[in-house]
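Contents: one structure, followed by commentary.
The values are calculated or read from the model by the stated rules, or taken from the named source; none is laboratory data. Keep in mind that what you see is a predicted model, and the values were worked out from it rather than measured. When we count neighbours, we look across all protein chains shown, and the Cβ atoms used for this are built from the backbone with ideal geometry, even at glycine.
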């Protein structure tokens, strides 16, 4: 039976056991990276943030007191690192544009993206791109990464009620975006008269 996160943290803190922390990295890195890819839209930036997250977690492990899950604590570090990068480089707006313009090119990166990223359709990427930063963060945590609303609130340092609102709003926006059907080639080629109806063929 594999040791729990708390048991590994205890080993890493008490015995300075690098193998214990390495086991924590292996356990969480794929899903954390997938979360960050969806959050920022750039696999290379996600790798940088993930690496910085694990470095901060390693050096600050004594700050984890066990009041919540290690996973929530780790994702909170990752989200703070993302915000810090966004503030420094205005990456949020720049990557939002990149997500819309280069979605097809990034599709090739799916096989490297981990279990949450794999299989994400172009329509889903576009729907995520239509959300604001907090809507995207909350729905990725709750619907993709499996966090509870309470855990997501802890990760994002946001009131529980606000998280629930963001998630509900994000789901509504994504449902609308994914259910919208583009006009067929036949329909789009027809002129639209003043009465709003297509001409019959």
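Quick notes
- Sole residue being assigned to a helix (DSSP H, G or I) and either surrounded by 10 or more Cβ atoms within 10 Å (Cβ to Cβ) or modelled with pLDDT under 90 (or both), chosen from 194, 176: 176
- Within the range 115-135, the residues that satisfy the criterion of being surrounded by 20 or more Cβ atoms within 10 Å (Cβ to Cβ) and modelled with pLDDT of 90 or more are 131, 135.
- Selection status of residue 125, part of a helix (DSSP H, G or I) and over 14 Å from the mean Cα position of the chain (by Cα): no
- Residue in the range 25-42 that is more than 24 Å from residue 84 (Cα to Cα), exposed (fewer than 14 other Cβ atoms within 10 Å of the Cβ) and free of Cβ contacts under 8 Å to residues at least 12 places away in the same chain present: yes
- Qualifying residue in the range 159-169 (condition: part of a loop (DSSP other than H, G, I, E, B) and either at pLDDT below 90 or in contact with a strand residue (DSSP E or B) (Cβ under 9 Å, 6 or more places away or on another chain) (or both)): no
- Residue check for residue 105: modelled with pLDDT under 95, buried (at least 18 other Cβ atoms within 10 Å of the Cβ) and either farther than 24 Å from residue 129 by Cα or more than 14 Å from the chain's Cα centre (by Cα) (or both): no
- Helices (runs of 4 or more DSSP H) within the range 1-96 that include 3 or more residues modelled with pLDDT of 95 or more: 18-40, 43-59, 70-89
- Qualifying residue in the range 136-157 (condition: more than 27 Å from residue 54 (Cα to Cα), surrounded by 14 or more Cβ atoms within 10 Å (Cβ to Cβ) and either in contact with a helix residue (DSSP H, G or I) (Cβ under 9 Å, 6 or more places away or on another chain) or modelled with pLDDT under 60 (or both)): no
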